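Chemist: Mind having a look at this structure? Questions to follow.
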Amino acid sequence: MIPISILDLSPIPTGATAAVALRNSLDLAQHAEVWGYKRLWLAEHHNMPGIASAATSVVIGHVAGGTKTIRIGSGGIMLPNHSPLVIAEQFGTLASLYPDRIDLGLGRAPGTDMPTARALRRDMDSTSDNFPQDVEELQSYFEPPAPNQRIRAIPGAGLRIPIWLLGSSLFSAQLAAELGLPFAFASHFAPADMMQALQLYRAHFEPSRQLNRPYAMVGLNVIVAETDAQARYLFTSVQQAFTNLRRGTPGQIPPPIDDIDSYWSPQEKASASMTLLCSAVGSPETVERSILKFIEVTQPDEIITTAHIYDHSARLRSFELLAEIRARLASPEPQPVIYAASAAKPT
């Protein structure tokens, strides 16, 4: 049974507020818990009018506090924007409040444009280069403290918080393999290097104390509705949003439109089509076929899905229908453990 999870960007629909988006994120998580989704992740983006999850750790606490069993985490925390110690303390606090339910996914991009990155008071050139060292420093804060250790993450020290590496290129795939960490590929918006990154990760994986064999999660845009036409109509919000981003005019999530071809140029259509190549859009039957094909090609251990839908009730219905599809696709194969305490890294 391949687990299916949710990446929620806390979308802010046109005319709404961040407060509405954050309430919707909690509502989605509560429904997802009932529908059997494995985890719900929130993403760090800054200066984006259509995304409300910039203070990602705060939103994770909000969502985890309103749910009981579903795993809640970051997809991801953009580590170059933060000191490793601060993130260790934040996620140590979350894991102390919500034991065995918190995931820490890490990315090396700023999650914004360069002027905003500078406003975050970080030297992006040097901190991106230091990403591997920052990851290892962050890992060290979750180890049991050594005698006379002067700097500790409190809370955090001694807590087993699963760390994931996220990526849209080969860099994080290689690093995840070297460190023996689970890997999530952002194929929902950057599909070009997906197959090469997965092959690289699996071929070079080194077992670690956290994980004894490769565990790859792949991103997929999924919009399900009662009919193909209705789903394609809902999908036009995503298509408009990506087009607006490419135009340099990001905004709130636009309502769907009847004729997307009247909105973009042929060049913009080609660009968006490549960006959104990993998408399953349609009726339950159509989406089921698309997911089966996606599984056949990528052989994932887990799929994380996202649905940038303008209307919250339609977004809930899409994820409900997807949960029904997953139930039909269930198989008896056992799943590996993300944190394998007995796995030892070879010396």
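Chemist: Residues in the range 169-188 near a label at residue 196, defined as backbone nitrogen under 12 Å from the 7 Å Cα→Cβ point?
Modeler: Of the residues in the range 169-188, 169-171 have backbone N under 12 Å from the label point off residue 196.
Chemist: In Å², and per residue, what accessible area does the range 164-319 have when probed at 1.4 Å with the other protein chains present?
Modeler: On a per-residue basis, the range 164-319 sits at 41 Å².
Chemist: Explain nothing, just compute: Karplus ³J(HN,Hα) = 6.51 cos²θ - 1.76 cosθ + 1.60, θ = phi - 60°, for every residue of the range 315-329 in order, whole Hz, x for Gly and Pro.
Modeler: 5, 4, 4, 4, 5, 5, 5, 5, 4, 5, 4, 4, 4, 6, 8
Chemist: Ok, one more. Could you tell me the accessible area of residue 46 in Å² (1.4 Å probe, neighbours in place), rounded to the nearest ten?
Modeler: We get 30 Å² for residue 46.
Chemist: While we're here: Once fully extended, how much extra length lies between residue 285 and residue 97, figured as 0.36 nm per residue of separation less the alpha-carbon to alpha-carbon distance?
Modeler: 63.6 nm
Chemist: Quick one: of the DSSP bridges fully inside the chain, what percent are antiparallel, nearest 5?
Modeler: Around 5 percent antiparallel, to the nearest 5.
Chemist: Can you give me the solvent accessible area of residue 31 with a 1.4 Å probe, rounded to the nearest 10 Å²?
Modeler: 60 Å²
Chemist: In addition: Among the aspartates and glutamates, which have Cα under 15 Å from the Cα of residue 38 when same-chain residues fewer than 8 positions away are ignored?
Modeler: The reachable aspartates and glutamates, counting only those whose Cα sits under 15 Å from residue 38, are 8, 100, 103, 301, 302, 320, 324.
Chemist: Which distance in Å, rounded to a whole number, links the C-alpha centroids of the range 46-62 and the range 164-192?
Modeler: 22 Å
Chemist: Next question, about the same structure. Calculate how steeply helix 84-97 sits against the longest principal axis of the alpha-carbon atoms of the chain, using the helix alpha-carbon long axis, and give the answer as 0 to 90 degrees to the nearest 10.
Modeler: Helix 84-97 and the main axis of the chain meet at about 80 degrees.
Chemist: Same structure, new question: Compute from the Cα atoms of the range 212-272 the Rg and the Dmax, the latter being the longest Cα-Cα distance, and quote both in angstrom.
Modeler: 14.6, 51
Chemist: Quick one: if the Förster radius is 45 Å, what FRET efficiency do residue 271 and residue 311 give, using the C-beta to C-beta distance and rounding to 0.05?
Modeler: Computed FRET efficiency for residue 271 and residue 311 comes out at 0.95.
Chemist: Find the eigenvalues of the gyration tensor of the Cα atoms of the chain, then list the square roots of 5 times those eigenvalues as equivalent ellipsoid semi-axes, largest first, in whole angstrom.
Modeler: Semi-axes from the Cα gyration tensor: 31, 23, 20 Å.
Chemist: To continue, here is another question. In terms of the Cα gyration tensor, with a ≥ b ≥ c the square roots of its eigenvalues, is the range 52-204 rounded because a/c is under 1.5, prolate because a/b exceeds b/c, or oblate?
Modeler: Verdict is rounded for the range 52-204.
Chemist: Extension gain residue 58-residue 30, at 0.36 nm per residue separation less the Cα-Cα distance, in nm?
Modeler: 8.4 nm
Chemist: To the nearest 10 square angstrom, how much accessible area does residue 114 have with a 1.4 angstrom probe?
Modeler: Accessible area, nearest 10 Å²: 90 Å².
Chemist: What nm value, rounded to one decimal, do you get for the distance between residue 213 and residue 330 when each label is placed 7 Å out toward the C-beta?
Modeler: Between residue 213 and residue 330, the simple spin-label model gives 2.3 nm.
Chemist: When we measure straight from the Cα of residue 269, which aspartates and glutamates land under 12 angstrom away, once same-chain ones fewer than 8 places off are left out?
Modeler: Candidates past the 8-residue exclusion: 261.
Chemist: By how many degrees, 0 to 90 and rounded to 10, does the Cα axis of helix 18-35 deviate from the longest principal axis of the chain?
Modeler: Between helix and principal axis, roughly 80 degrees.
Chemist: Also, quick follow-up: Between residue 262 and residue 143, what is the label-to-label distance in nm when each label sits 7 Å out along the Cα-to-Cβ direction?
Modeler: 6.3 nm
Chemist: Something else now. Could you please state how large a percent of the accessible area of the range 153-285 is carbon and sulfur, counting protein chains only and using a 1.4 Å probe?
Modeler: Carbon with sulfur: 56 percent of the solvent-accessible area.
Chemist: Using only the alpha-carbon atoms, how far is helix 266-275 inclined from the longest principal axis of the chain? Give it as 0 to 90 degrees, nearest 10.
Modeler: That helix lies at roughly 40 degrees to the long axis.
Chemist: Classify the range 10-128 as rounded, prolate or oblate, taking a ≥ b ≥ c as the square roots of the eigenvalues of its Cα gyration tensor: rounded when a/c is under 1.5, otherwise prolate if a/b is larger than b/c and oblate if not.
Modeler: oblate
Chemist: Let me ask another. What are the residues whose amide H is under 5 Å from the amide H of residue 78, where those residues sit 5 or more places off or on another chain and H is modelled from the backbone?
Modeler: Those qualifying (amide H under 5 Å, at least 5 residues apart or on another chain) are 44, 107.
Chemist: Extension gain residue 247-residue 136, at 0.36 nm per residue separation less the Cα-Cα distance, in nm?
Modeler: Difference between extended and current length: 36.2 nm.
Chemist: Kindly state, to the nearest 0.05, the FRET efficiency for residue 151 paired with residue 119, given R0 = 22 Å and r defined as their beta-carbon distance.
Modeler: The pair residue 151/residue 119 has a calculated efficiency of 0.20.
Chemist: While we're on this one: If you average the sequence gap of Cα pairs under 8 Å that are 6 or more apart and divide by the length of the chain, what percent do you get for the contact order?
Modeler: That works out to 20 percent.
Chemist: Follow-up. Please express the Cα-Cα pair-distance distribution P(r) of the range 167-317 as a list of whole percents, one per 10 Å bin, running from 0 to the bin with the greatest distance.
Modeler: Percent of pairs per bin, in order: 11, 36, 31, 18, 5, 0.
Chemist: Also, I was wondering about something else. Could I have the simple spin-label model distance between residue 206 and residue 14, label points 7 Å from Cα toward Cβ, reported in nm to one decimal?
Modeler: About 5.1 nm separates the two model spin labels.
The values are calculated or read from the model by the stated rules, or taken from the named source; none is laboratory data. These figures come from a predicted structure and were not determined experimentally. Positions of Cβ are backbone-derived with ideal geometry, glycine not excepted, and every protein chain shown enters the neighbour counts. Quick note on the areas: whole protein, heavy atoms, side chains included, nothing else; ligands and nucleic acids left out. Shrake-Rupley method; radii C 1.70, N 1.55, O 1.52, S 1.80 Å.
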